[in-house]
Structures are given as C-alpha cells and as structure tokens.
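Written below as structure tokens is the structure these notes are about.
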Amino acid sequence: QFQETLAQHQQLWDALDELDANTWVLEPKAPGRDCVDRRIAIGNHCSLQIGVHVTAPTSVPQLHFLGAERPLAPLKHALNTNLHRWDVTQGLHANLEMLLDLKLPTPQHADAEGADDYSVECAICYSYHLDDAVPECACDSCSKPFHQSCLTEWLRGLPTTQQSFNRLFGECPYCNYAITVTTH
C-alpha cells in the first residue's frame, strides 16, 4: 500500500525535479517535494509563479506573472497564443519555454556574469524577502522591482512626490520614470 502511494506521486515529483533542475527557482529557496509551487526567474526583473497540479502534474499549471507590465506584455500574449499547444507528454520546462516563446534562465544564471538582468531583489533595499514580502512593484520603464514598503518610503522622502488618497505618485529611483504605489 505504501508503494502504491509513492507511485501515485512519482509523476509529480519527477515534474518538480525537472523544473528545479532546468530553471532558476527563486522560491522556495531550497525547493523540495513538499511544495508544489515554484517562483522562477524569466528575465527583465520578472518572474513566474507556477502552481503544479498534484493530481495532474503534466497539465497546464497555474501561472502568475510578477514584474513590470511592459516586459510581461509580450510574454502574456505568447502564453495566450500558444496555450492550445501544451503537450502533456512533454515536461513542464519544455512546455513553458514553448508557451512563452522564451529560453528560461537556468540555475547557472544565478552565478553567471549578467545575472543582474534576472535580478528580482528590491532595487532599494537589495533584498528579496522583507518582512515576508517579495518585490511586487516594478517600474514600467527600467523594470526594476521594489517592495511596496520600500517604494512607499522612498517616494515619501522626495519633495516632488504627490499623493492622492492612498496612492503616491513620484519618480523611479533609477530612471526617473513616473511610478506610483498604493499605500496601506
């Protein structure tokens, strides 16, 4: 009975192992078989949250893009255009690259020169996790990611920042492009 239970989960574990081996997994830090969610780097300071289905690991997973809208727009378009091409006989990695029409960064990108292009750390505090939050804001011009709290604090420190209700309007700390953040 134990062997049957293990066999039922083997396809899921194989799918997760393949994803971990071939993509730059940002979260969880040390991915294991106990977590079916992965956040992977996709470039331009953007990432993709993937939720693999436990009972159907070769089916289309739940996908959620994180990052600035400008670099994500063509990826979202490619996803919508290619979704019908998902092949359950292929691995998650191959299917994701086909769907997004993109070569996904590998774990080696984390240590390689040019890794800054894939950086997802907050461009203000230079950390990924801050009080259990990850960077959820991004500049539409330079694509730099920011924690909401860091960007709020940054904008509040600028004399040119304007506020309307719970929104701050100011300039990106890197490229001076207009940026907004909702405050709590």
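Divide by every residue of the chain the summed helix terms, -39500 (n - 2.57) for each DSSP H run of at least 4, and state the resulting mean residue ellipticity at 222 nm, rounded to the nearest 500 deg cm²/dmol.
When only DSSP H runs of four or more count, the value is -9000 deg cm²/dmol.
Would you mind calculating the gained length between H53 and E171 on full extension (0.36 nm times residue separation, minus the Cα-Cα distance), in nm to one decimal?
Net length gain for the segment: 38.4 nm.
Specify the longest stretch of the chain that does not include any exposed loop site, a site being one of the trypsin sites (Lys or Arg not before Pro) with a non-H, G, I, E, B DSSP assignment and at most 14 other Cβ atoms within 10 Å.
Segment 104-184 is the longest.
Let me know the longest stretch in the chain that avoids all chymotrypsin sites (Phe, Trp or Tyr not before Pro) found in a DSSP loop with at most 16 other C-beta atoms within 10 Å.
1-85
The range 1-95: which GluC sites (Glu not before Pro) are DSSP loop and have at most 12 other beta-carbon atoms within 10 angstrom?
Counting only loop positions with at most 12 other Cβ atoms within 10 Å, none of the GluC sites (Glu not before Pro) in the range 1-95 qualifies.
For the pair C125/A30, report the inter-label distance in nm, with labels modelled 7 Å from Cα in the Cβ direction.
Distance between the two pseudo-spin positions: 2.4 nm.
Around H53, which amide H atoms from residues at least 5 apart in sequence, or from another chain, sit under 5 Å from its own amide H, with H modelled in the peptide plane?
Q62
If you take the alpha carbon radius of gyration of the chain and divide it by 2.2 N^0.38 Å, what ratio comes out, to two decimals?
Cα-based Rg divided by the globular estimate yields 1.16.
Each reported figure results from applying straightforward, stated rules to the coordinates on display, with no laboratory input. Bear in mind the structure is a predicted one, so any value in this text is a computation, not a measurement. A quick note on method: Cβ atoms are made from the backbone with ideal geometry, for glycine too, and the neighbour counts reach across all protein chains shown.
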